[in-house]
Structures are given as C-alpha cells and as structure tokens.
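Below you'll find the structure, written out as structure tokens, and then a few comments.
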C-alpha cells in the first residue's frame with residue numbers, strides 16, 4: 001500500500017494538481033476520496049486536498065508539491081537555479097490568484113457550486129477574458145508556462161484550463177488563445193494527465 005495518501009476527489013482542480021505531481025515524479029499514492037466538509041481533521045480550513053505521509057500531514061497544494069519535490073528524487077517540479085525557480089513560483093502564484101479568482105470561480109458558478117448573482121458570474125467571466133491572454137503571451141515565448149521544461153506551474157494551470165472546453169463561454173475565450181491551446185494539447189498527451197483524467201465531471205447547473 002502506498003505510504004502517501006491524497007485526500008480529495010478527482011474532479012477537484014487542486015487535488016488533480018497534487019496527483020499530477022505524484023505521477024510526474026513517479027510517486028505511488030492512494031487517493032482517499034474526501035469532500036471539503038469531511039476533512040476538518042486534516043485541514044482546519046476545510047479545503048481539499050490534504051496529504052498524509054507517515055507522521056506528516058499537509059494541506060495547501062503549493063506546500064504539498066514543495067514537500068513532494070524536496071522529499072522524493074528527480075524529476076524536479078521546481079528548477080534548482082534561483083531565477084528559474086522564482087519564475088516557477090511566479091506563474092504558479094499567478095494561476096492560484098488570477099486564474100482561480102476568475103475562471104475557476106466562473107466555473108463554480110456555472111456548475112452550481114458557488115451561488116452568486118448573474119452579474120457577479122459575468123464579472124468572473126470578464127476577468128477570465130482579461131487574464132487568459134496574459135498566459136497566452138507567456139506561452140508564445142516558451143514551451144511551458146515557466147520556461148522550456150515542465151514545472152509545477154503547469155500542474156497548477158492544466159486542471160483549471162482542462163474545464164474550458166466544457167463551458168461554451170470559456171471555450172470561446174480559449175479559442176482566442178492559440179498558444180494556450182497548443183500547450184493544453186501537449187499537456188493532454190502526457191501520461192500524468194491521462195492517468196488523472198476524472199471519470200466524471202460536474203455538469204452545468206440548470
């Protein structure tokens with residue numbers, strides 16, 4: 001039995017980020033399905049994912065990936081060189097801030113997980129239309145988000161971007177971002193992405 005347990009659910013974008021990291025690094029793990037309201041003992045903020053590894057319990061995806069990267073051998077999810085590592089942090093943070101607070105919130109509203117007025121959902125959509133071109137410009141300069149090799153930054157972006165085709169409004173935004181689309185196709189071909197594809201996805205609320 002794997003010594004690492006990831007507590008979360010497959011459709012969760014941040015749960016998938018952690019799972020992607022494990023697959024990229026060749027780390028065996030057990031997925032323990034857990035919803036946010038059931039995870040109080042592992043995360044006082046009641047969010048998924050969390051991991052347990054022996055005596056270690058961690059929450060927050062960035063902390064989890066950092067721990068995995070430092071604990072287990074190559075390939076590295078963060079470069080060793082200082083500036084390259086900072087760029088990885090920069091773009092991972094940009095995903096967790098700008099993309100999550102725009103696209104992921106819009107998705108949550110459309111899937112019925114975030115009950116907000118229509119005008120607020122529209123603001124999330126408009127913000128998504130503002131931030132996606134920034135990621136598209138970055139990916140016009142580099143093969144991956146933080147450079148020419150895959151890093152943790154890509155593992156944060158892909159699970160969010162993977163939902164764009166499922167929602168017409170986001171699909172239209174993606175259609176204007178050819179570099180993001182090129183990157184997404186390349187990411188989709190990776191074994192880690194195929195291995196973590198959710199068996200079911202949320203449906204748009206009526």
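The values are calculated or read from the model by the stated rules, or taken from the named source; none is laboratory data. Only a predicted model underlies this, so the values are computations on that prediction, with no experimental measurement involved. A quick note on method: Cβ atoms are made from the backbone with ideal geometry, for glycine too, and the neighbour counts reach across all protein chains shown.
Assorted remarks:
- Counted residues, the stretch 5-26 - those being outside any loop (DSSP other than H, G, I, E, B), within 22 Å of residue 163 (Cβ to Cβ) and touching a strand residue (DSSP E or B) at 6+ places or on another chain (Cβ under 8 Å): 8
- Flag for residue 16 being crowded, with 20+ Cβ neighbours inside 10 Å, within 25 Å of residue 199 (Cα to Cα), assigned by TED's automatic domain parsing to the domain that holds residue 156 and touching a helix residue (DSSP H, G or I) at 6+ places or on another chain (Cβ under 9 Å): no
- Residue 2, sole failed condition from (1) part of a helix (DSSP H, G or I); (2) touching a residue at least 24 places away in the same chain (Cβ under 8 Å); (3) more than 18 Å from residue 162 (Cβ to Cβ): (1)
- Output for the stretch 67-99, where each listed residue is touching a helix residue (DSSP H, G or I) at 6+ places or on another chain (Cβ under 9 Å) and surrounded by fewer than 16 Cβ atoms within 10 Å (Cβ to Cβ): 73, 74, 75, 90, 93
- Candidate set from the stretch 27-43 (those that are out of contact with any helix residue (DSSP H, G or I) (no Cβ under 9 Å at 6 or more places or on another chain) and not in a loop (DSSP other than H, G, I, E, B)); member that is surrounded by the fewest Cβ atoms within 10 Å (Cβ to Cβ): 37
- Any hit, the stretch 52-64, residues being over 19 Å from the mean Cα position of the chain (by Cα), part of a helix (DSSP H, G or I) and in contact (Cβ under 8 Å) with a residue 60 or more places away in the chain: no
- The stretch 2-13: number of residues that are surrounded by fewer than 20 Cβ atoms within 10 Å (Cβ to Cβ) and under 23 Å from residue 189 (Cα atoms): 3
- Selection status of residue 154, buried (at least 22 other Cβ atoms within 10 Å of the Cβ) and free of Cβ contacts under 8 Å to residues at least 60 places away in the same chain: yes
- Flag: residue 79 matches the condition of being at pLDDT 95 or above, over 16 Å from the mean Cα position of the chain (by Cα) and part of a loop (DSSP other than H, G, I, E, B).
- Criterion violated by residue 64 - all others in (1) under 21 Å from residue 144 (Cβ atoms); (2) out of contact with any helix residue (DSSP H, G or I) (no Cβ under 8 Å at 6 or more places or on another chain); (3) not assigned by TED's automatic domain parsing to the domain that holds residue 174 satisfied: (2)
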